[in-house]
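Input: a single structure, listed below in structure tokens.
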């Protein structure tokens with residue numbers, strides 16, 4: 001049941017929650033640097049995909065001239081695809097380093113706890129209403145504009161993340177979401193959990209500690225991740241926010257890599273295919289990166305409660321975009337299993353606590 005002013009109650013409930021669960025320091029200068037990289041890379045990526053759509057429409061029109069007709073700039077497009085892949089890696093690396101820093105400072109868990117507190121106050125909230133609340137937040141928009149988030153980039157995030165529909169709610173005391181892209185028929189449900197804290201309850205849990213940090217380090221070093229790494233030791237339980245950011249970041253890179261390989265092998269297709277998911281991945285990742293920056297800058301100290309709360313919502317919506325985007329990359333309609341060939345990494349959406357209907 002969605003209450004009349006559920007978004008307002010949700011945001012009010014989030015306000016005043018602890019900025020950090022560990023009290024660890026936040027390096028604001030480092031977060032600003034990483035956010036700048038993420039925003040610049042995302043702008044380049046989204047610009048590339050916008051250009052790609054124009055090229056595809058042009059090629060489709062030229063097909064009337066015969067099967068041999070190709071767009072004269074298609075060779076140049078292959079070079080642009082290589083640059084896009086480099087941008088995707090830079091964007092993912094910046095987001096992962098920010099997530100690692102905020103996780104160590106206890107702020108990712110604080111974000112998740114704030115979601116839960118807000119839902120306890122509001123009950124079920126529509127995803128569309130949360131995005132609308134962000135769009136109406138002039139203070140947040142001005143704050144992001146001052147930190148390099150252009151109106152064009154924000155509008156593109158809005159076109160992608162703002163196209164999500166569904167609801168967020170509590171399930172067995174945990175934050176959960178049922179979400180899809182506008183126009184889809186199937187819903188995807190995910191349940192979220194805080195990072196494991198305190199004494200490990202099992203050997204498997206002990207071995208799992210530090211896995212996120214290790215995998216981010218491998219990604220930074222350009223090393224292949226071990227097969228099954230992200231799913232190792234994870235049961236069919238709610239997903240950790242840091243793990244979701246890791247999975248979404250890797251899939252963002254792999255989706256662009258798949259596009260580049262296809263472009264090199266068969267040329268530019270005249271249909272978009274899974275590119276809807278690629279752009280949604282990119283928008284989700286930059287939304288999370290901007291949200292993490294906002295959380296890191298404005299949550300400590302508690303003097304910027306409105307901006308702090310907006311950042312927490314943006315991280316939430318970016319995570320939901322990841323979940324929906326993942327469904328575009330499974331062959332044969334089997335959404336539960338994704339094979340990431342470039343990273344040598346097997347990701348099972350079920351193992352990440354994500355269920356598809």
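Readers should treat all values here as calculations from the given coordinates under stated rules, not as data from a laboratory. Everything numeric here is computed off the predicted structure, so don't read it as measured data. As a convention, Cβ positions derive from the backbone with ideal geometry for all residues, glycine included, and neighbour counts pool all protein chains shown.
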Separation of the residue 129 and residue 172 label points, Cα + 7 Å toward Cβ, nm: 2.6
Ranking of 124, 249 by count of other Cβ atoms within 10 Å, fewest first: 124, 249
